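The values are calculated or read from the model by the stated rules, or taken from the named source; none is laboratory data. Given the structure is predicted, the values throughout are model-derived calculations rather than measurements. Ideal geometry is used to build each Cβ from the backbone, glycine not excepted, and the neighbour counts take in all protein chains shown. Just the protein is used for accessible areas: all its heavy atoms, side chains included, with ligands, DNA and RNA removed. Shrake-Rupley method; radii C 1.70, N 1.55, O 1.52, S 1.80 Å.
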Amino acid sequence: MYDCLQDSYTDFSFAIFDAVGRPRPLCGSLSATPLPSGDDSALHDLAAFARDQGYEIDRCEQQLTVRDISLADALAINTRFGGELIISCDLRRDPPVRF
């Protein structure tokens with residue numbers, strides 16, 4: 001796992017499939033705020049992109065939250081909007097992995 005705030009990387013592993021072979025993807029919420037020098041246009045673009053992908057969003061004044069997002073889509077959003085927005089993502093697996 002990469003922590004961009006601390007610029008550190010931690011390796012971890014877990015079973016991608018449960019006991020009967022169903023995928024257990026990581027999912028959670030992604031929050032985005034404009035850069036200090038930016039404006040709200042990137043938040044509007046992200047909101048439209050997330051809705052087009054079928055995600056529900058919550059919007060406050062300077063923050064947008066995409067709910068129940070998958071890891072692949074969170075990475076796609078980071079690639080597309082990371083230069084214009086500060087993106088934070090909390091993804092978890094249900095049920096949690098036991099180490």
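For segment 57-99, which residues satisfy the criterion of being more than 17 Å from Pro25 (Cβ to Cβ), in a loop (DSSP other than H, G, I, E, B) and not basic (Lys, Arg)? Within segment 57-99, Cys60, Glu61, Gln62, Gln63, Gly82, Gly83, Glu84, Phe99 qualify. If you filter segment 57-86 down to residues that are in contact (Cβ under 8 Å) with a residue 24 or more places away in the chain and open to solvent by 80 Å² or more (accessible area, probe 1.4 Å), you find that the one that is nearest to Gly38 (Cα to Cα) is Glu84. Of the residues making up segment 43-56, those that are surrounded by 12 or more Cβ atoms within 10 Å (Cβ to Cβ), out of contact with any helix residue (DSSP H, G or I) (no Cβ under 9 Å at 6 or more places or on another chain) and over 14 Å from Leu30 (Cα atoms) number 1.
Across segment 23-51, which residue is nearest to Leu85 (Cα to Cα) among those that are at pLDDT 60 or above and in a loop (DSSP other than H, G, I, E, B)?
The selected residue is Leu35.
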